[in-house]
Amino acid sequence: MQFAFPPQPHACVPIAGRPHEFFPVHRIYCVGRNYAKYAIEAGGTGRDTPFFFMKPADAVLPVAHGTVGEMPYPSQTNDLHHEIELVVAIGKGGRDIPASQAIEHVWGFAVGLDMTRRDLQIEARRLGGSWCTAKGFDYSAPIGPIHPIAETGPMTHGDIFLNVNGVRRQFSNIDKLLWGVPDTIEQLSHFFELQAGDLIFTGSPEGVAVVKQGDLLEGGIEGLGELRVIVWPNFQASFSPGHKR
Ligand code: MN
């Protein structure tokens, strides 16, 4: 088979402790309102069922261990928000996966940021429109190295936090997820056939807030290390495509 032109490089994420090996990304699924306190902050009751949305695979901004990711401030927003999240990396696909077997499908875990054009999301909510432009923009999914599950265990608990310029913005524990990792995989696998390479952003705890140009975001989850991202001014010309991965 021949391609009409060279295909785009495959989106991929570094792996902790394996500098020459990468996790190839298939799809990015995200869970909305998966912490009760954040659900209330976002205008819900805290008792609503979580739900799914997606980002394109190449929205990842992979950040290697010990480095600072560089995210250009996105166009078409004045209200960029951070959402620190536990990310599940799927290593074995399947459909209708029972929660009791879900952990067998997990390759590993990472710290991620579900960056959001909040003004566009609020507008979409008001108009009943789609979240595509609010959630699925380029560089909207910064992610740290994936830690293999053999080293992390099933990630049922652990502190999760985000600082902006050294000031604490978000703090919780992943044991407060409404759908923990097994339930999230079960629910998602009823809608989609999961594939090796899928990433699942499991949802943000409370404390989401605005990010300005020049801000340094430092987030982490107990057992998964830290993720650092600096948000640069939106000088498109200074970001060549080669800068992306
Ligand atoms: Mn989110």
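The values are calculated or read from the model by the stated rules, or taken from the named source; none is laboratory data. Since we're looking at a predicted model, the values are computed, not measured. Note that each Cβ is placed from the backbone with ideal geometry, even for glycine, and that neighbours are counted across all protein chains shown.
Observations on the structure shown:
- Residues of the stretch 177-202 that are within 15 Å of the ligand (Cβ to nearest atom) and touching a helix residue (DSSP H, G or I) at 6+ places or on another chain (Cβ under 7 Å): LEU178, TRP179, ILE200, THR202.
- Near pairs, Cβ below 7 angstrom, 6+ apart or cross-chain, from the stretch 18-41 (within 20 Å of GLN121 (Cβ to Cβ)) to any residue that is among the acidic types (Asp, Glu) and modelled with pLDDT of 95 or more: TYR29/ASP198; CYS30/ASP114; TYR35/GLU206; LYS37/GLU206; TYR38/GLU206; GLU41/GLU206
- One residue from ASP96, ASP119 being farther than 25 Å from GLY66 by Cα, assigned to a helix (DSSP H, G or I) and more than 13 Å from the ligand (Cβ to nearest atom): ASP119
- Restricting the stretch 13-69 to residues that are more than 15 Å from the ligand (Cβ to nearest atom) and of a type in the set (Asp, Glu), the residue that is nearest to ILE185 (Cα to Cα): ASP58
- Flag if ILE40 is under 20 Å from PRO142 (Cβ atoms) and of a type outside the set (S, T, N, Q): no
- Against the conditions (1) in contact (Cβ under 8 Å) with a residue 60 or more places away in the chain; (2) out of contact with any Lys or Arg (no Cβ under 8 Å at 6 or more places or on another chain); (3) over 24 Å from PRO24 (Cβ atoms); (4) surrounded by fewer than 18 Cβ atoms within 10 Å (Cβ to Cβ), LEU127 satisfies every one except (1).
- Condition check for VAL87: within 16 Å of the ligand (Cβ to nearest atom), out of contact with any helix residue (DSSP H, G or I) (no Cβ under 6 Å at 6 or more places or on another chain) and of a type in the set (A, V, I, L, M, F, W, C): yes
- Of all residues in the stretch 130-143 being touching a residue at least 24 places away in the same chain (Cβ under 8 Å) and within 15 Å of the ligand (Cβ to nearest atom), the one that is surrounded by the most Cβ atoms within 10 Å (Cβ to Cβ): ALA141
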